[in-house]
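The values are calculated or read from the model by the stated rules, or taken from the named source; none is laboratory data. Predicted model only: the values in this text are computed from it and were never measured. Heads up, the Cβs are rebuilt from the backbone with ideal geometry, glycines too, and the neighbour counts pull from every protein chain shown.
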Amino acid sequence: MYLLTAIRLGKRRDIPLNKHIRKLLDSSWAELTVRWFLGIIFIYASYHKIIEPAIFAKIIYGYDLFPGFVINLAAIFLPFVELICGCALVLGIYPRSATLIINGMLFAFIIALSVNLIRGHEFDCGCFSFGETGHVSPAGQLLVRDIIYFALGLQVFFFNGQRKWCIIKSGFLKI
Amino acid sequence: MTGRVGHPPYIGHSQVSEVRLERSQMNRFTDIMSYKNMTKELVILLGIAIVIGFTANYFSPKGIALFGEWDTSKGVITAKSKEDVVVRELEITDVPVAKKMYDTGKYLFLDARSYEVYEEGRIKGAVSVPVGGFYDVADTFIEKYPLSTGIITYCSGRECDDSHELAQYLFDEGYTEIHVFIDGYPAWKAEGYPIE
């Protein structure tokens with residue numbers, strides 16, 4: 001929330017901000033780069049989950065946070081949300097809403113990772129897919145990476161200039 | 001000669017930017033994104049994802065059921081995919097039952113985990129057949145153990161379906177008497193049964 005507030009404040013013209021940062025935040029090219037970067041990352045991220053939904057379902061189970069009846073539905077649905085939103089960002093179709101969805105997923109993922117880090121729950125071991133045990137995802141690294149993606153998503157969400165190469169632009173946001 | 005007479009006034013680079021800026025500012029007032037618009041966009045994006053997702057899953061050869069089996073008290077967990085390897089009828093759900101079968105000496109115990117994990121500890125007398133490398137050793141295995149051999153596969157517990165997958169490979173090769181000890185090495189070790 002602090003990050004969100006900081007970015008919102010940064011977008012307000014009456015608040016002094018380093019002119020280089022202001023220029024970067026207002027740059028259409030920077031917005032395009034971030035939007036394409038996030039889009040491609042999410043298209044790539046969806047690929048393996050779509051190809052192997054059963055393995056993805058087991059990974060969701062491994063988080064030990066969700067009731068059983070949700071796991072398969074999430075494994076079917078979430079990879080396609082990533083794919084559609086990733087494509088929407090690359091093509092410039094409703095970029096603000098696509099970013100909102102992506103950041104919603106990132107936020108949920110950050111919470112899930114944090115909960116498991118705090119309670120020391122190990123998850124995503126190799127026994128779920130390749131017959132190996134003892135493999136644990138580096139949750140700390142994942143957390144940092146997702147917070148960076150989340151911040152990039154905020155830049156796309158709050159960007160209020162002219163977006164480049166958009167098929168269907170989102171309207172302007174009152175900040 | 002007055003060639004330039006009648007031409008529109010020349011618009012410089014900075015003036016073009018100003019024109020664009022004005023248009024941008026004009027849009028700010030005419031095209032404000034409302035919550036209603038955003039909701040509409042979210043519904044469209046999520047709706048497309050739902051429709052494509054469930055359709056693709058239905059037709060995909062690797063598609064999964066809408067609801068899986070994630071309760072370990074009922075056996076090995078499974079997403080119930082179209083390629084599902086979990087067969088409940090093969091499962092030995094009690095550790096003492098597995099021990100009784102072990103004591104008869106009629107069954108060959110196969111460890112479906114990786115060789116490194118097998119080396120760290122295994123059921124005494126178990127043979128390592130990592131599920132990922134089954135077809136590398138299949139010929140040698142069939143030569144050594146006749147198709148009539150009674151086999152019990154295991155891996156690391158009820159969250160692991162490698163033992164079931166190995167059982168299916170063995171069925172494909174022609175073995176007929178196969179069981180899956182679903183609690184695997186951790187439960188065997190916890191009971192204090194023979195390990196090495």
Looking at segment B:169-180, is at least one residue more than 21 Å from B:Gly105 (Cα to Cα) and hydroxyl-bearing (Ser, Thr, Tyr)? yes
Going through segment B:88-112 one residue at a time, which ones are surrounded by 13 or more Cβ atoms within 10 Å (Cβ to Cβ), assigned to a loop (DSSP other than H, G, I, E, B) and in contact with a strand residue (DSSP E or B) (Cβ under 8 Å, 6 or more places away or on another chain)? B:Ala112
In segment B:152-168, is there at least one residue being more than 30 Å from A:Gly68 (Cα to Cα) and at pLDDT 95 or above? no
The condition of being within 26 Å of B:Ile32 (Cα to Cα) and out of contact with any Leu (no Cβ under 8 Å at 6 or more places or on another chain) holds, among A:Gly104, A:Gly68, only for A:Gly104
Restricting to segment B:128-182, name every residue that is among the aromatic types (Phe, Trp, Tyr) and within 18 Å of B:Ser73 (Cα to Cα). B:Tyr154, B:Phe181
Candidate set from segment B:60-87 (those that are acidic (Asp, Glu) and in a loop (DSSP other than H, G, I, E, B)); member that is nearest to B:Asp161 (Cα to Cα): B:Asp84
Within segment A:136-175, residues at pLDDT 85 or above, among the hydrophobic types (A, V, I, L, M, F, W, C) and assigned to a helix (DSSP H, G or I) come out as A:Leu143, A:Val144, A:Ile147, A:Ile148, A:Phe150, A:Ala151, A:Leu152, A:Leu154, A:Val156, A:Phe157, A:Phe158
Could you tell me whether any residue of segment B:166-187 is in contact with an Asp or Glu (Cβ under 7 Å, 6 or more places away or on another chain), of a type in the set (Ser, Thr, Tyr) and under 24 Å from B:Glu69 (Cβ atoms)? no
Selection from segment B:62-87 of residues away from chain A (no Cβ under 11 Å), of a type in the set (A, V, I, L, M) and loosely packed, with under 14 Cβ neighbours inside 10 Å yields none
Flagged pairs (Cβ under 6 angstrom, 6 or more apart or on separate chains; first in segment B:145-167, within 14 Å of another protein chain (Cβ to nearest Cβ); second surrounded by fewer than 24 Cβ atoms within 10 Å (Cβ to Cβ) and part of a strand (DSSP E or B)) are B:Ala167/B:Ile178
Count of segment B:37-58 residues which are facing chain A (nearest Cβ under 7 Å) and polar (S, T, N, Q): 2
